[in-house]
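The values are calculated or read from the model by the stated rules, or taken from the named source; none is laboratory data. Treat the numbers as computed from the prediction; the structure is a model and nothing was measured. FYI the Cβ positions are ideal-geometry reconstructions off the backbone, even for glycines, and counts take in every protein chain you see.
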């Protein structure tokens with residue numbers, strides 16, 4: 001495995017990393033956020049969460065995006081055809 005330079009956050013996060021990145025105090029809390037649609041599921045075919053997709057979901061949820069567009073799950077469903 002390649003080590004990233006100090007300070008560089010990987011884009012593909014493990015479940016544990018994604019939970020910590022979101023500030024969830026437990027994996028159960030993170031799983032609840034995923035279940036409730038606060039943050040997206042892991043990327044299709046992986047066990048990794050896209051850090052940018054998490055950022056976008058949280059930006060939408062907090063109202064930081066003026067034109068949020070489709071959620072990542074809506075986009076994936078539309079482009080899965």
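If you go through the range 55-70 and pick out every residue that is without any contact (Cβ under 8 Å) to a residue 24 or more places away in the chain and either touching a strand residue (DSSP E or B) at 6+ places or on another chain (Cβ under 9 Å) or part of a helix (DSSP H, G or I) (or both), you end up with 7.
Just to be sure I understand, how many residues within the range 35-54 are assigned to a helix (DSSP H, G or I), in contact with a helix residue (DSSP H, G or I) (Cβ under 9 Å, 6 or more places away or on another chain) and under 15 Å from residue 73 (Cβ atoms)?
We begin by selecting, within the range 35-54, every residue assigned to a helix (DSSP H, G or I); these are 35-36, 51-54.
Subsequent filtering for residues that are in contact with a helix residue (DSSP H, G or I) (Cβ under 9 Å, 6 or more places away or on another chain) retains 51, 53-54.
Now restrict to residues that are under 15 Å from residue 73 (Cβ atoms): 53-54.
Selection size over the range 35-54: 2.
Taking the conditions (1) in a helix (DSSP H, G or I); (2) exposed (fewer than 10 other Cβ atoms within 10 Å of the Cβ) in turn, residue 8 satisfies each one other than (1). When the range 29-74 is filtered for residues that are modelled with pLDDT under 75 and surrounded by 14 or more Cβ atoms within 10 Å (Cβ to Cβ), the ones remaining, listed by number, are 71, 72. Looking only at residues in the range 6-39 that are in contact (Cβ under 8 Å) with a residue 40 or more places away in the chain and out of contact with any strand residue (DSSP E or B) (no Cβ under 6 Å at 6 or more places or on another chain), the one that is nearest to residue 52 (Cα to Cα) is 11.
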